[in-house]
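The values are calculated or read from the model by the stated rules, or taken from the named source; none is laboratory data. Since this is a predicted model, take the numbers as computed values, not measurements. Glycine gets a Cβ as well: all are built from the backbone with ideal geometry, and neighbour counts include every protein chain shown. Protein only, heavy atoms only, side chains kept; ligands, DNA and RNA dropped before computing areas. Shrake-Rupley method; radii C 1.70, N 1.55, O 1.52, S 1.80 Å.
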Amino acid sequence: MATCTIACIGCGNMGGAMLGGWLAVAGKRDYRLLGMTRTPARAAALVERGLTLCGTAEEAARQADIVVLAVKPYQVADVLAGLSPALDAGKLLVSVAAGVSVARLRAASGGRCPVVRCMPNTPALVGKGVFALCFDDPALTPEARERVQRLFADLGVCVELPEARMTAFSALVGAGPAYVFQMMQGLVQAGATQGFSWAQSRELVAALFEGCACMARQEATPLMEMRDNVCSPAGLTIAGVNALDRAGLTGLLVDAVLAAERRGHEMESGKA
Ligand SMILES: NC(=O)c1ccc[n+]([C@@H]2O[C@H](COP(=O)([O-])OP(=O)(O)OC[C@H]3O[C@@H](n4cnc5c(N)ncnc54)[C@H](OP(=O)(O)O)[C@@H]3O)[C@@H](O)[C@H]2O)c1
């Protein structure tokens, strides 16, 4: 297996999280990791773990097989203008910038190499991300796709999506941590109201979500059946579930995701 050199441009929250995940498997996978960022001090912990920092994005891209772009969406065009002379058809460009289309990435990089659009979510920070990969660029070979799939499988769960579905994914899974943390907050608040310490309540609720997420992934039983199995007739759980049903929690979650998707489409069409 030949060494694969990955250059990550931008080592902030998302770039840093991805680099952290790849550094953890670098020996096993034969990855060589390069980084480039505006404030090198922010990447100090990654350098200690084996990241090599480059002085410019172009220098990083020149040495790379795969260039990962993890700067803010509004910085993408400038950064690509600077590094695109180092790109060629043998390299791959992967962007995690929200809302930046394959066509914009191709145009901003001068069509010099195949591009992949990727949408991550924040649990990538702890190696439990969910990534949508868009392989709509016709210049991508099957080998290149497989290479990118392997790269992101090291960081969490990956799904392949056409570009037309990326906004739906962003509204459901990219924004998903916000919905989940808000639900967790409600339960933690309930625990504190009952007299548990805030810290203990948070620990209990986090373990509750973790356990339920494992069950939901492992079992094929419909979720409503799993819910009803916890509700003994005339018991305490059904009393709580009735309150959630009266408030319309399920419908509220559907509305939240559809509102986020509408806003995503507005933003993509240039509405501030
Ligand atoms: N965080 C998320 O939850 C999330 C989820 C989905 C997608 N994304 C996407 O991930 C991308 C990065 O977001 P983030 O949250 O990681 O932002 P961030 O923490 O602000 O990181 C951006 C990084 O880019 C660096 N940078 C800025 N201009 C640069 C340049 N010209 N050359 C090299 N590096 C430069 C910044 O350096 P400084 O530290 O010096 O500013 C910073 O390290 C965004 O496009 C976002 O849409 C993020």
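Structure notes:
- Helices (runs of 4 or more DSSP H) completely within region 138-194 that count 2 or more residues being open to solvent by 80 Å² or more (accessible area, probe 1.4 Å) and not hydrophobic (A, V, I, L, M, F, W, C): 142-153, 176-194
- Top-ranked residue of region 1-41 - restricted to ones that are touching a helix residue (DSSP H, G or I) at 6+ places or on another chain (Cβ under 6 Å) and in a loop (DSSP other than H, G, I, E, B), ranked as least open to solvent (accessible area, probe 1.4 Å): 11
- As a summary of the residue check, residue 108 satisfies the conditions (1) in contact with a helix residue (DSSP H, G or I) (Cβ under 9 Å, 6 or more places away or on another chain); (2) near the ligand (Cβ under 8 Å from one of its atoms) except for the one numbered (2).
- Cβ separations smaller than 6 Å between residues 6+ apart or across chains give the following pairs from region 203-226 residues that are assigned by TED's automatic domain parsing to the domain that holds residue 245 and touching a residue at least 12 places away in the same chain (Cβ under 8 Å) to residues that are part of a helix (DSSP H, G or I) and surrounded by 12 or more Cβ atoms within 10 Å (Cβ to Cβ): 205/184; 205/187; 205/188.
- Answer residue from region 49-70, given it is under 24 Å from the mean Cα position of the chain (by Cα) and open to solvent by 50 Å² or more (accessible area, probe 1.4 Å) and is nearest to the ligand (Cβ to nearest atom) among those: 53
- Count of residues meeting criterion [out of contact with any strand residue (DSSP E or B) (no Cβ under 6 Å at 6 or more places or on another chain), buried (at least 19 other Cβ atoms within 10 Å of the Cβ) and under 21 Å from residue 150 (Cα atoms)] in region 71-92: 1
- Which numbered condition residue 131 fails, given (1) open to solvent by 20 Å² or more (accessible area, probe 1.4 Å); (2) assigned by TED's automatic domain parsing to the domain that holds residue 97; (3) among the aromatic types (Phe, Trp, Tyr): (1)
- Single condition residue 95 does not satisfy, out of (1) hydroxyl-bearing (Ser, Thr, Tyr); (2) modelled with pLDDT under 95; (3) open to solvent by less than 20 Å² (accessible area, probe 1.4 Å): (2)
- A search for C-beta distances below 7 Å between a residue of region 119-133 that is assigned to a loop (DSSP other than H, G, I, E, B) and any residue that is near the ligand (Cβ under 10 Å from one of its atoms) and not aromatic (Phe, Trp, Tyr), counting only pairs 6+ apart in sequence or on different chains, returns 120/14; 120/96; 120/129; 121/129; 121/173; 121/174; 121/177.
- Residues located in region 157-174, provided they are touching a helix residue (DSSP H, G or I) at 6+ places or on another chain (Cβ under 6 Å) and within 20 Å of residue 25 (Cβ to Cβ): 158
- Test: residue in region 61-69 that is of a type in the set (D, E, K, R), part of a strand (DSSP E or B) and more than 25 Å from residue 271 (Cβ to Cβ): no
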